[in-house]
Amino acid sequence: MAAATGVNYEWAARYPEVGTKPLPVTPYISPEYFEAERQRVFRRCWLIVGRVDEAEKPGDFFVRDMPPLDTSALVVRGDDGKLRAFHNMCKHRGNQVAATPRGNACEAGFPCLFHGWTYDTQGRLAYVPDEQFFVGLDRSRTGLMPMACEVWEGFVFVHSDPAPSQPLTDFIGEIRTTYDGYFSTMKRVSGYQFDMNINWKVFIDVSVEGCHAAYVHGNNIARQFTGTENPFLHLPSKRLYKLHRTVSIPADLSREPRPLEGLSHKYNAATSYTPTQAKNTAEGLPPGVNPDRVPSWAFDILSLFPNMVMLTAKGTYITMTFWPLSVNRTRVDVVFYMDPAKTLGERVGQEYTIAMMRDVIREDADTLEPVQRGLESGALTEIPFSDEEIACRHFYLTVDRMVKNGK
Amino acid sequence: MSAGFPEQFRDLERFAATWAIVSRHGRYQHRVRSTMDEVREFYDAITSRLEAIMKYLNRVGLAELPASDRTLLYLMLAYMEASRAVEVIGATEVHWGFDSSRLKIIDGAEL
Ligand code: FES
Ligand SMILES: [Fe+2]
């Protein structure tokens, strides 16, 4: 395999700090560890809550639950054009101020439905019924509780600390310029949410290794990627950054395309998920996508720390956000984005990718609740991650470093 | 339904009542509730006319697609589900899949 693609598989040698030792199961099952993650990971990281086009015009807003922070973010574009984030919580007695998941607040502002306190689109307290009875209330100095809010490549990030010591650009780190424009042409086309009885890290682990494909996806899409030369789906590119990581999934181009794949290529309807010749190159992509320019490439996984995984392909990307509800309960938010279809052929090809990836994600998910039960049995104390699973190991150690050292 | 079906594909209209489903999740659910024989019958019928259908539907941009062609378009979108069953999985449902009734679908407008 190494000779075929010219890639070195000695990943631990390339990333010696990640090592090769088996790692304790504790972080997946310990309530104390989970509490430390909430305090030291989720309260100290920038977290993605949506896309800028969800709040495009002045007054547009959306609300996103952030379970590990025990709050909901109200993201609103002010009448001054600036995007801000607040706790969706009234300063009077704590009710939610936005009662709908999205909308526009230009006309009405945010009237709290409990006792009528009303906030404007910049979060300022604009109106208080019976104001004279609130002793010492200074309306001009009272507003919604802010969170920090910044944008990278169209993703809206929120930080629980209104003045975080780490700027977003520093948090994004090494990859901040490498996705230039990649996400901006694509629009949300589909989405679903489901709750699972797993630790949030278990789903991220399965997303950053290829070894499971031949087994979990063996009756489904595995052959699109594995082929005869790479049966265990070794991943030819793995990049481990300070916080984040990417891996590239190769395509098997030697395989005869299935009838529908042939058709979708003919009508220019394919995404790089359904490999045949020609589509599976890095041509036209920014340096962050297929960063090692793997020749027969299908898509990448970007594990954006802490809780987001993006599947970046040509013509489509999928975001999966993992919101921990407890040590063994996780809300999974899946959203598909695609370049708007111009022709029916394109539209049909897109539908194929959406249907395919729904089946694939359900296969991954179905595996993981039994995995969590196994980990919780206590019978297994250590996980022997392989060299191919080095990105799982890196993610594990990144969480662990923050839990232990706070950075 | 017959008012909204192109003349040259009348032979496929018999699938309209069962497979021309507007919602994505509805098309998936129809796939898994059908027998493999039903899926294959639909798949084979569309496959035999595939080139002609695609050529016909591609004659206009997606934005200008006439209302009278929508049923055929939904059939084609359902065909994507059917093709997964026939060409890839060999069954109407993946062998080991997360219970789809646990998914909360948040699809917006599809076309
Ligand atoms: S809690 Fe909002 S007005 Fe009282
Ligand atoms: Fe998988």
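The values are calculated or read from the model by the stated rules, or taken from the named source; none is laboratory data. Only a predicted model underlies this, so the values are computations on that prediction, with no experimental measurement involved. No Cβ is skipped: glycine too gets one built from the backbone with ideal geometry, and neighbour counts run over all protein chains shown.
Numbers at a glance
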item: Residue in segment A:335-353 that is farthest from A:Ile198 (Cα to Cα), counting only those that are more than 7 Å from chain B (Cβ to nearest Cβ) and part of a helix (DSSP H, G or I); result: A:Glu346
item: Flag if A:Glu150 is of a type in the set (D, E, K, R) and assigned to a strand (DSSP E or B); result: yes
item: Matching residues in segment B:17-48 - criterion: being within 12 Å of chain A (Cβ to nearest Cβ) and charged (D, E, K, R); result: B:Arg24, B:Arg27, B:Arg31, B:Asp44
item: Those residues of segment A:81-98 which are within 11 Å of ligand 1 (Cβ to nearest atom) and under 28 Å from the mean Cα position of the chain (by Cα), in sequence order; result: A:Met89, A:Gln96, A:Val97
item: Qualifying positions in segment A:198-224 - over 24 Å from A:Phe305 (Cβ atoms) and more than 10 Å from ligand 2 (Cβ to nearest atom); result: A:Ala214, A:Gly218, A:Asn219, A:Arg223, A:Gln224
item: Every residue from segment A:193-210 that is within 12 Å of chain B (Cβ to nearest Cβ) and out of contact with any helix residue (DSSP H, G or I) (no Cβ under 7 Å at 6 or more places or on another chain); result: A:Gln193, A:Asp195
item: Residue count, segment A:112-137 (criterion: surrounded by 19 or more Cβ atoms within 10 Å (Cβ to Cβ) and part of a strand (DSSP E or B)); result: 2
item: Any hit, segment A:270-278, residues being at pLDDT 95 or above, out of contact with any Pro (no Cβ under 6 Å at 6 or more places or on another chain), more than 14 Å from chain B (Cβ to nearest Cβ) and part of a loop (DSSP other than H, G, I, E, B); result: no
item: Selection from segment A:104-127 of residues that are in contact (Cβ under 8 Å) with a residue 24 or more places away in the chain and within 11 Å of ligand 1 (Cβ to nearest atom); result: A:Phe110, A:Phe114, A:Trp117, A:Tyr119, A:Leu125
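Let's see how each residue does on (1) surrounded by fewer than 23 Cβ atoms within 10 Å (Cβ to Cβ); (2) facing another protein chain (nearest Cβ under 8 Å); (3) among the aliphatic types (A, V, I, L, M):
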{"residue": "B:Leu62", "(1), (2), (3)": "yes, yes, yes"}
{"residue": "B:Ala67", "(1), (2), (3)": "yes, no, yes"}
{"residue": "B:Leu75", "(1), (2), (3)": "no, no, yes"}
{"residue": "B:Ser83", "(1), (2), (3)": "no, yes, no"}
{"residue": "B:Val88", "(1), (2), (3)": "yes, yes, yes"}
{"residue": "B:Thr92", "(1), (2), (3)": "yes, no, no"}
{"residue": "B:Trp96", "(1), (2), (3)": "yes, yes, no"}
{"residue": "B:Arg102", "(1), (2), (3)": "yes, yes, no"}
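Here's the yes/no breakdown for (1) within 14 Å of chain B (Cβ to nearest Cβ); (2) within 16 Å of ligand 1 (Cβ to nearest atom); (3) of a type in the set (Ser, Thr, Tyr):
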| position | (1), (2), (3) |
| --- | --- |
| A:Arg188 | yes, no, no |
| A:Tyr215 | yes, no, yes |
| A:Ile221 | yes, no, no |
| A:Gly227 | no, no, no |
